[in-house]
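A quick write-up on the structure given underneath.
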Amino acid sequence: YGCGKPDCKVGCDCDRFMEVWNNVFTQFEGDGKGGYTELSQKNIDTGMGLERLAVVMQDVDSVFDIDTMKAIRDRVCELSGKKYEVDAMDDVSIRLITDHIRSSTFMISDGIMPSNEGRGYVLRRIIRRAARHGRMLGIDGIFMAELAKTVINESKDGYPELEEKKDFILKVLAQEEEKFAKTILIQGLA
């Protein structure tokens, strides 16, 4: 990787350097208007995620190439009949679905339900966004619950609650995707 320029260094726009870990020193609360109030409880956030470390340890190019994510990504490709790294627009949808089905599966496992408020609204939006991208890839019908099976299989050793709640997770995903399918049919968007 890298641009080959003699002055290439950290901060260069090329891909020579990858941030694996960062430190964030939180000491102020912003009011959104440029004003800051000092926090009574300051903290340090060390931003090294498991996936970032896996990218380094598995010597791959991105989080979508690490073992657990690759299995989900490959299942998206299988369902859509698309190949990864052939078409840039398809790759966006493949990665988005891979990320969103993983997030949705874990959120539902944690007891979050699709709704129109708060965390439930975030869940509803990511399920529906993934479903829309599935249609853009040519996936017909309800597919999110099928993908969740791969998420559960890949993560159940570290997160046994996924296997324990599997039926519930699949039911919630299927119901929300069916609601979305009806909504887009009614609106004539399909």
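Remarks
- In percent, rounded to a whole number, the relative contact order of segment 1-100 is 16, using alpha-carbon pairs under 8 Å and six or more apart.
- Where trypsin sites (Lys or Arg not before Pro) in DSSP loops with at most 10 other Cβ within 10 Å are excluded, longest remaining stretch of the chain: 34-190
- Cα-Cα pairs of the chain separated by more than 27 Å (percent): 44
- Sparse packing (at most 11 other Cβ atoms within 10 Å of the Cβ) combined with a DSSP loop state is found for the following chymotrypsin sites (Phe, Trp or Tyr not before Pro) in segment 1-72: Tyr1, Trp21.
- Carbon and sulfur %, accessible surface of the chain computed with the full protein complex present, 1.4 Å: 50
- Entry note, the chain: relative contact order of 14 percent, from Cα contacts under 8 Å with a spacing of 6+ residues.
- Calculated [θ] (222 nm, deg cm²/dmol) that DSSP helices of n ≥ 4 give over the chain, each run adding -39,500 (n - 2.57): -17500 deg cm²/dmol
- 1.4 Å probe accessible area per residue over the chain, in Å²: 64
- Cβ charges +1 (Lys, Arg) and -1 (Asp, Glu), total dipole of the chain, debye: 600
- Annotation: Thr68 carries an accessible surface of approximately 50 Å², with a 1.4 Å probe and no ligand, DNA or RNA atoms counted.
The values are calculated or read from the model by the stated rules, or taken from the named source; none is laboratory data. As the structure is a prediction and not an experimental result, all values here were calculated from the model. Using ideal geometry, Cβ is built from the backbone for each residue, glycine included, and neighbour counts are taken over all protein chains shown. The accessibility values were calculated without ligands, DNA or RNA, using every heavy atom of the protein model including side chains. Shrake-Rupley method; radii C 1.70, N 1.55, O 1.52, S 1.80 Å.
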